[in-house]
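Read through the structure below, which is laid out as structure tokens, and then see the notes.
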Amino acid sequence: MLVFVCHDSFNESHLNFTGSCYKNRNMPPSTKECAGGSIMYGWAVGGVNFKYPDHVGWPIGAKDSMKFVVLQTHFDNPTRRSGAEMKKKARLH
């Protein structure tokens, strides 16, 4: 799971894009640019939970801060088991 910081010029019409990350010819350019930018947060299997200390934060949507982030998830289900669920979550508030 990766959270990327996006440029203010991110095209809002691409906010709900879903699909393969880099092999998808239909991935909107603004989403592709954002996913190639700065990583704000990352987690992988075997990683521990992370929480910023109470006095630390990363503003999103404020006047002088980033306005958009892209959440990228990767699933490993080689046996294609139906009903598989992702139990991790990221909370942005």
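Put a dot 7 Å past each Cα toward the Cβ at MET1 and ARG25; how far apart are the dots in nm?
3.3 nm
Step by step: find N for segment 1-77, compute 2.2 N^0.38 Å, then divide the Cα radius of gyration by it. What's the final number?
Taking N as the residue count of segment 1-77, the ratio is 1.20.
Report the extension gain between THR18 and ASP54 in nm, rounded to one decimal, defined as 0.36 nm multiplied by the number of residues separating them, less their alpha carbon distance.
9.7 nm
What is the extension gain from ASP76 to ALA44, computed as 0.36 nm multiplied by their sequence separation minus the C-alpha to C-alpha distance, in nm to one decimal?
Length gained between ASP76 and ALA44: 10.4 nm.
With charges set only on the Cβ (+1 for Lys and Arg, -1 for Asp and Glu), what does the dipole of segment 49-88 come to about its Cα centre, in debye to the nearest 20?
That gives segment 49-88 a dipole magnitude of about 160 debye.
Return the FRET efficiency for the residue pair LYS32, ASP64: r is the Cβ-Cβ distance, R0 is 22 Å, and the value is rounded to the nearest 0.05.
Working from the Cβ atoms, E equals 0.30.
Points 7 angstrom from Cα along the Cβ direction at MET86 and ASP8: gap in nanometres?
For MET86 paired with ASP8, the spin-label model returns 3.0 nm.
Could you line up TYR52, TYR41 from fewest to most neighbouring Cβ atoms inside 10 Å?
Final ranking by Cβ density, sparse to dense: TYR52, TYR41.
I'd like to compare 11-19, 74-82: which one has the highest average count of other Cβ atoms within 10 Å, and what's the full order after that?
11-19, 74-82
Sorted by packing (mean other beta-carbon atoms within 10 Å per residue), highest first, where do 42-49, 59-66 land?
The densest-packed peptide leads the list: 59-66, 42-49.
Each value in this text was obtained by applying a stated rule to the coordinates, not by laboratory testing. This structure is a prediction, so every number in the text was calculated from the model and none was measured. Cβ: placed from backbone, ideal geometry, glycine included. Neighbour counts: every protein chain shown.
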